[in-house]
Amino acid sequence: MATETVAPGQATRRAFLKGAGTVTAMALTIGFEWAGATRRAAAIAAPSAGALFTPNAFLRIGADNSVTVIAKHVEMGQGAYTGIATVVAEELDADWSRVRVESAPADAKRYANLAFGTIQGTGGSSAMANSWMQLREAGGKARAMLLTAAATEWHVPVEELTVEKSIVYHSGSKRQARFGSLVGRAAALAVPETVKLKDAKDFKLIGHQVPRVDVAAKVDGSAQFTLDVMLPGMLVALLKRPPQFGATVKSFDATAAHAIPGVVKVVQVPRGVAVLAKSFWAAKQGRDALAVEWDDTNAEKRSSAALMDEYRRLADQPALSARTEGDSAQAIRNAAHKVSASYEFPYLAHAPMEPLDAVVKLTANRCEIWAGDQFQTVDQANAAETAGLDPQQVSIHTLYAGGSFGRRANPGSDYIVEAVSIAKAYGADGTPIKLQWTREDDILGGLYRPMYFHKLEAGLNDKRELTGWRHVIVGQSIMADSFLAGMIKDGIDPSSVEGAASIAYAIPNITVELSTTRTGVPVLWWRVVGSSHTIFAVEAFIDEVAHAAGEDGFTFRRKLLEHEPRMKAVLELAAEKAGWSSGPMPKGKGRGIAVAEAFETYVAQVAEVSVDEAGHVKVDRVVCAVDCGTPINPDIIAAQMEGGIGFGLGAVLYGTITLKDGRIEQDNFDSYRVLRMNEMPKVEVHIVPSTQAPTGVGEPGVAPVGPAVANAIFAATGKRIQVLPIEVNTG
Amino acid sequence: MSTSFVLNGKPTTLDADPNMPLLWAVREVAGLPGTKFGCGMALCGACTVHLEGQAIRSCVMPLAAVAGRRVTTIEGLQSEAAKAVQAAWIELQVPQCGYCQSGQVMSATALLEKNASPTDADIDGAMSGNICRCATYSRIRAAIHAAAQSIKA
């Protein structure tokens, strides 16, 4: 495992949820970065190297006036490349039309996610939040050096210079110079210790409608994904994995596989048996022809229904406290009105459109990897261990990822390790090998959003005020048994309870408890992580409580959020824009509201649904209000809210992974249903203006849509949704 | 075994297993990687190409079945409708991860080539076979309407 790459106490998800800790780590890392950058700048001052200005790890300016921003985060659809480039270009005053983005190599020293400590990776909606000051300084210091270069050349005071679109101007002498003509002189300068950054009111790119850097290539088919990597002599590998988690290869017969034209070799690796061939089609036929006998001694053989029965029982057993304030047991016992409910959440697959894939070129002393890599230095360490190399001998080319939703960042680097193990078994002779997962491999392949059972109880006093809240969560830990296990404190995996333990409503007596289960089903974070289930439970239940209190769901919530101005503001904005107070909807239609904080971003949504006489649910409209601090790119924020709503909606309406006797019952998009065009509601997004530090938008939009829809279904039908997916209830 | 057909306007002969799905033939044999693999069962539309102008799923179409016929991939789009679709996709900033978008563009183009003024229901009918896990559906819908308008203008 990659334990050595983790600084104890730093790489906690909880730490990066807390602004103060993040800022400290950021300042230290920038100091380090710039010490390194000074050395690099000096090195580039050599006479032969005048054509390039590389003031730091994030930026390269060419004599041709090109500006290349180096992105330490993967572009998987969330707009990170555009956001990163925007922030650098803003402080640099670069010509946006000449800005290019290049992916950074795997390098924890230069490219760590400052929210993760010393790991390079993307997750927790942290790309812009952790990069914000680092990239502003990178752009601002480079600009200062270019100005100094111009001032020196023209013998004028640097204060008299201005910059616009990659051109430096001196109005007094009517001189101007493109960045490209200054790179030689700028490269010889020392990087300044400090730089004055822009006032928000002077932003020309940040907060404006800047087009994405990746759209043109994604419209004409030229964007390069891992699927598209074609290297001379490359083989395609498909891996036959066991039918139950934990089963292993007992024996296999490759005779029929070898008979397929194009099949080159069949090798056994720890996770199964791989067929290597000259084409995908040959590898697929070869794998279909492969006969493998499995040893299921240690396999998970239970069914998900049996697991849920066990979870239900566990919810009534003593559990560990994730939050205790006051005495909720007494408050509920003495309550004038009591409310209780339980909620069931299935396993979910991420199902990114690009099935997992990785290309590996392995020799005795080098391992080169191409992947839509979301967890670069963890993958680097795991690949090194698999190959028997040092991490420094492993290089990673990060390509566009065809979606991920968390799947391509996993502590065990499953798909990377598989590819490296196949290359090793093949002989580590430098033959490029592309491991390609099929959709069936993806849906059957595990690392699901865990299944959970939630039980909630609340008490209202005789004035119908909420006085007691008890929330019990039962399910697997994502972080257990991985290098992240150190983040589990007092038995509480923070990713199991986030959104529930952090419930923002003013309730005098609160208990949130966790009962962590173990199964053989591998689990992983899935877009918005814990809040993918906790927010549903909290927001569906608070709606039940509001109903019991005889109050409207919006006004009841607002009253309990007086001390949470940002959360209250998005709630009010969503309600206002949705016409919440416009009176009841026609028969068969309903409106529901929900609000969430996830990764320090605040999102409220109002859903409008139609339910026909057969019980079929159609979500017609979702109005979304979001406060993510400084909006870096409003159009990308809107796109992430739209996409998050569609992604979350598909899951709550249809998404479920079930096991029967340990075998997964879904394997492609026919049995694992996701949202389609005809099911997408109209979405309106309203962004709260802000000058606070930016927070993430990739995930938070997913959290409130489920409960908003469930609450709308209640408004339409009087029926509560307590088992997901919704389709299970409505047919 | 070789199969001859017209690929992006050019007579082409591919030497490959005639049962190989057209998807893999255009990607790995013809070297045109814009068409994507998503499900292998005609369930997601990422592999959509045009066969005689109709949107089809190339992941389940055997190479032999296109012998003598005209196949167009994302790399070969030329029509007015195609250019309008691609321009609208850029204007409305449709793609996120982008992996499904070749297929989306191919389906949308085929729709507009036979229906100059699609309604929302027409769009649902033509596009519901194309999954986008980033859920860019609202923008796809708006971009199809915008492309239809731009062709008429």
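Mind listing the long-range amide H neighbours of A:Val101? Cut-off is under 5 Å, sequence gap 5 or more, other chains count too, H placed in the peptide plane at 1.01 Å from N.
Result for A:Val101 returns A:Val69.
Using r as the Cβ-Cβ distance of A:Lys278 and B:Ala142, and R0 as 41 Å, what FRET efficiency do you calculate, to the nearest 0.05?
Values: r = 43 Å, r/R0 = 1.05.
Rounded to the nearest 0.05, the efficiency is 0.45.
Per residue of B:116-126, what is the mean number of Cβ atoms on other protein chains within 10 angstrom of that residue's Cβ?
1
Could you rank the peptides A:646-652, A:701-707 by their average count of other C-beta atoms within 10 Å per residue, with the highest value first? Mind showing how you got there, number by number?
Working: A:646-652: 27.9, A:701-707: 32.0.
Put in order of decreasing packing, that is A:701-707, A:646-652.
Work out, in µm²/s and without decimals, the Stokes-Einstein translational diffusion coefficient of chain B at 37 °C, 0.692 mPa s, Rh from Kirkwood over C-alpha pairs.
On the way: Rh = 15.4 Å.
After rounding, the answer is 213 µm²/s.
With charges set only on the Cβ (+1 for Lys and Arg, -1 for Asp and Glu), what does the dipole of the range B:2-76 come to about its Cα centre, in debye to the nearest 20? It would help to have the intermediate numbers written out before the result.
Details: 6 positive and 5 negative charges, 35 e Å.
Computed charge dipole of the range B:2-76: roughly 180 debye.
Taking a cut-off of 18 Å between Cα atoms, list the lysines near A:Lys301, but don't count ones fewer than 8 places away on the same chain.
Cross-link targets: A:Lys250, A:Lys660.
Starting from the 7 Å offset along Cα-to-Cβ, what nm value, one decimal, do you get for the label separation of B:Arg69 and A:Gln209?
4.1
In debye, nearest 20, what is the charge dipole magnitude of chain A about its Cα centre with +1 on Lys and Arg Cβ and -1 on Asp and Glu Cβ, if you could check? Intermediate values should be presented prior to the final figure.
On the way: 73 positive and 80 negative charges, 140 e Å.
For this selection, approximately 680 debye.
Principal axis extents for the range B:2-76, Cα atoms only, whole Å, descending order, please.
28, 23, 19
If you line up the long axis of helix B:137-152 against the longest principal axis of chain B, both from Cα atoms, how many degrees apart are they, to the nearest 10?
90
Report, by chain and number, residues whose modeled amide H sits under 5 Å from the one on A:His397, excluding near sequence neighbours (fewer than 5 apart, same chain).
A:Ile369, A:Trp370, A:Ala371
Using θ = phi - 60° and the Karplus curve 6.51 cos²θ - 1.76 cosθ + 1.60, what whole-Hz ³J(HN,Hα) does each residue of the range A:245-261 get, with Gly and Pro shown as x?
Values, residue by residue: 5, x, 6, 10, 6, 8, 7, 8, 10, 9, 4, 5, 5, 5, 6, 6, x Hz.
Of A:Asp670, A:Asp442, how do they rank once you tally other Cβ atoms within 10 Å and put the fewest first? All intermediate terms of the calculation are to be shown ahead of the outcome.
Numbers: A:Asp670 11, A:Asp442 24.
So the residues, fewest neighbours to most, are A:Asp670, A:Asp442.
Along Cα→Cβ, 7 Å out, is where each label goes; now give me the distance between the ones at A:Thr517 and A:Gln392 in nm to one decimal.
In this crude spin-label approximation the distance works out to 4.7 nm.
Return the distance in nm (one decimal) between the two label points of a simple spin-label model at A:Lys682 and B:Ser2, each offset 7 Å from Cα along Cα→Cβ.
Between A:Lys682 and B:Ser2, the label points sit 5.7 nm apart.
Report the FRET efficiency, 1/(1 + (r/R0)^6), for A:Asp620 and A:Ser671, where r is their Cβ-Cβ distance and R0 is 30 Å, rounded to 0.05. Please report the intermediate quantities before stating the final value.
Numbers: r = 27 Å, r/R0 = 0.89.
The calculated FRET efficiency here is 0.65.
How much of the DSSP beta bridge set in chain A is antiparallel, as a percent to the nearest 5?
On the way: 86 of 117 bridges.
Counting only bridges with both partners in chain A, antiparallel ones make up about 75 percent.
Distances over 13 Å make up what percent of all Cα-Cα pairs in the range A:169-230? Provide the component values of the computation, followed by the final result.
Details: 1533 of 1891 pairs.
Of the Cα pairs, 81 percent sit more than 13 Å apart.
Just to be sure I understand: with springs between alpha-carbon atoms less than 10 Å apart, which residue in B:Leu43, B:Leu77, B:Leu22 has the highest mean-square fluctuation in the Gaussian network model of chain B?
B:Leu43
Give me the distance between the Cα centres of the range B:96-119 and the range A:412-462, rounded to whole Å.
32
Want the number for A:Ser97 to A:Glu325: 0.36 nm per residue separation, take away the alpha-carbon distance, what's left? Present the calculation step by step, with values, prior to reporting the outcome.
Numbers: separation 228, 0.36 × 228 = 82.08 nm, distance 5.43 nm.
Extending this stretch completely gives an extra 76.7 nm.
For the cross-link pairs A:Lys72/A:Lys218; A:Lys198/A:Lys218; A:Lys568/A:Lys682, which exceed 28 Å when the distance is taken from alpha carbon to alpha carbon? List each step's numbers first, then the result.
Values: A:Lys72/A:Lys218 20 Å; A:Lys198/A:Lys218 33 Å; A:Lys568/A:Lys682 24 Å.
Pairs exceeding the cut-off: A:Lys198/A:Lys218.
Using 0.36 nm per residue, how much length does the chain from A:His563 to A:His258 gain when fully extended, once their Cα-Cα distance is taken away?
Contour length minus Cα-Cα distance gives 103.0 nm.
Full extension from A:Leu197 to A:Glu293: what is 0.36 nm times the residue separation minus their Cα-Cα distance, to one decimal in nm?
Difference between extended and current length: 28.2 nm.
Let a ≥ b ≥ c be the square roots of the eigenvalues of the Cα gyration tensor of the protein assembly as shown; is it rounded (a/c under 1.5), or, if not, prolate (a/b larger than b/c) or oblate? Can you show the working numbers first?
Values: a/c = 1.36, a/b = 1.09, b/c = 1.24.
Note, shape of the protein assembly as shown comes out rounded.
Enter the Cα centre distance for the pair the range A:529-545 and the range B:2-55, rounded to the nearest angstrom.
46
Distance from the Cα centre of the range A:685-724 to that of the range A:345-369, in angstrom?
Spelled out, the Cα-based centre of one part sits 31 Å from the other.
Let me have the 222 nm mean residue ellipticity of the protein assembly as shown computed from DSSP H runs of 4+ only, each contributing -39500 (n - 2.57), with the sum over all residues rounded to the nearest 500.
When only DSSP H runs of four or more count, the value is -9500 deg cm²/dmol.
With helices defined as uninterrupted DSSP H runs, which ones in chain A have an alpha carbon span along their own long axis of at least 20 Å and mean Kyte-Doolittle hydropathy of at least -0.5?
Sorted by number, the helices that extend far enough and score high enough are A:19-44, A:127-154, A:531-548, A:634-654.
Averaged across the residues of A:642-650, what count of C-beta atoms belonging to other chains lies within 10 Å of each residue's C-beta? Walk me through the intermediate numbers first.
On the way: counts 7, 10, 2, 2, 7, 4, 1, 1, 3.
If you average over the peptide's residues, the count of other-chain Cβ atoms is 4.
Compute the signed sum of charges (Lys and Arg +1, Asp and Glu -1) over the other residues within less than 13 Å, Cβ to Cβ, of A:Ala223. The partial results should precede the final answer.
Values: positive: A:Arg212, A:Lys218, B:Lys36; negative: A:Glu75, A:Asp214, A:Asp220, A:Asp228, A:Glu354, B:Glu75.
The answer is -3.
Looking only at Cα atoms, what is the convex hull volume of the range B:80-152 per residue, in Å³?
Dividing the Cα hull volume of the range B:80-152 by its residue count gives 70 Å³.
What FRET efficiency comes out for B:Ser79 versus B:Ala121 if R0 is 30 angstrom and r is the Cβ-Cβ distance? Round to the nearest 0.05. Numbers along the way, then the final one.
Details: r = 24 Å, r/R0 = 0.79.
E(calc), rounded to 0.05, equals 0.80.
Give me A:Tyr505, A:Tyr343 ranked fewest to most by other Cβ atoms within 10 Å of their Cβ, as a rough exposure proxy. Let's see the in-between values first.
Numbers: A:Tyr505 19, A:Tyr343 24.
So the residues, fewest neighbours to most, are A:Tyr505, A:Tyr343.
Readers should treat all values here as calculations from the given coordinates under stated rules, not as data from a laboratory. All figures in this text were calculated on a predicted structure; none of them were measured in a lab. So basically every Cβ, Gly included, is an ideal-geometry build from the backbone, and we count neighbours across all protein chains shown.
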